[in-house]
Amino acid sequence: HFASRGVVYITLCHNGDNSICDSAKGVSTHGGVSHFGADVIRRMNRLGIMVDLSHAHERSFYDALDISSTPIVCTHSSARALCDHPRNLTDEQMHALAAKGGVCQITLYPGFLTASPSEATIAHALQHLDHAVCVMGTDHVGLGSDFDGDGGVPGLADASEMANFTRHLLRRRYSEEDIRKIWGGNFLRVMAEVQAQAAQRP
């Protein structure tokens, strides 16, 4: 139903466990991905729909990484090393995600950038991005604003201000090629790979 309507990725859960998997803010109903959830992931692989593990519990993350035959994405997650929140990814998760060809998109949601959300700034977002690049490499990092979920910090409050992020990346000596990857190139690469693998299946 969703694939035929052009859906290219599905986030497996939100702020609570569901029939697919456990959430980072859930109560470990399944101990990770459920049997039904494993079927969902395999079906998404066959249909060329990307698996998004933002919001998922750490056990769900590793289960899905093992189950999926295609790279996965975390569309709006940040670094737990810089902000100790269960919604953020550990360095070990980032390594595992990159090893499977996936992408982590740093979110602009203030509560995932710093322990003092009211003080979150562009600098915090850039620190998370720099950290992810150091752990994963530029081929596996992007930006996931979460503007429709209370994301945004002063200077990056909505889409009209996103050029500010590019300016900061240039000041930090990111190359134009790396900026293209961060600004969506990496996400599009995974999308193309997932869809290509689906097209090859009988």
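Checking each residue in region 90-116 for being without any contact (Cβ under 8 Å) to a residue 60 or more places away in the chain and open to solvent by less than 10 Å² (accessible area, probe 1.4 Å) picks out GLN93, MET94, LEU97, CYS104, ILE106, THR107, LEU108, LEU113.
Scanning region 147-160 for residues that are open to solvent by less than 60 Å² (accessible area, probe 1.4 Å), out of contact with any helix residue (DSSP H, G or I) (no Cβ under 7 Å at 6 or more places or on another chain) and not in a loop (DSSP other than H, G, I, E, B) yields a single hit, GLY149.
Run down GLU193, GLU176 and say which single residue is over 23 Å from VAL8 (Cα atoms), open to solvent by 30 Å² or more (accessible area, probe 1.4 Å), at pLDDT 95 or above and among the charged types (D, E, K, R). Quick ask: steps written out before the conclusion?
Values: GLU193 fails: over 23 Å from VAL8 (Cα atoms).
From the options GLU193, GLU176, the qualifying one is GLU176.
Annotation note: of HIS76, HIS57, the sole residue that is touching a Ser or Thr at 6+ places or on another chain (Cβ under 9 Å), within 22 Å of ALA192 (Cα to Cα) and either open to solvent by 20 Å² or more (accessible area, probe 1.4 Å) or of a type in the set (Asp, Glu) (or both) is HIS76. Within region 1-47, the set of residues being open to solvent by 40 Å² or more (accessible area, probe 1.4 Å), at negative phi and polar (S, T, N, Q) comprises SER4, THR11, ASN15, ASN18, SER19, THR29.
The values are calculated or read from the model by the stated rules, or taken from the named source; none is laboratory data. A quick note: this is a predicted structure, and the numbers were derived from the prediction, not measured. Here Cβ is always computed from backbone atoms with ideal geometry, including for glycine, and neighbour counts include all displayed protein chains. For the accessible areas, the whole protein counts, side chains as well, though only heavy atoms, and no ligand, DNA or RNA atoms are used. Shrake-Rupley method; radii C 1.70, N 1.55, O 1.52, S 1.80 Å.
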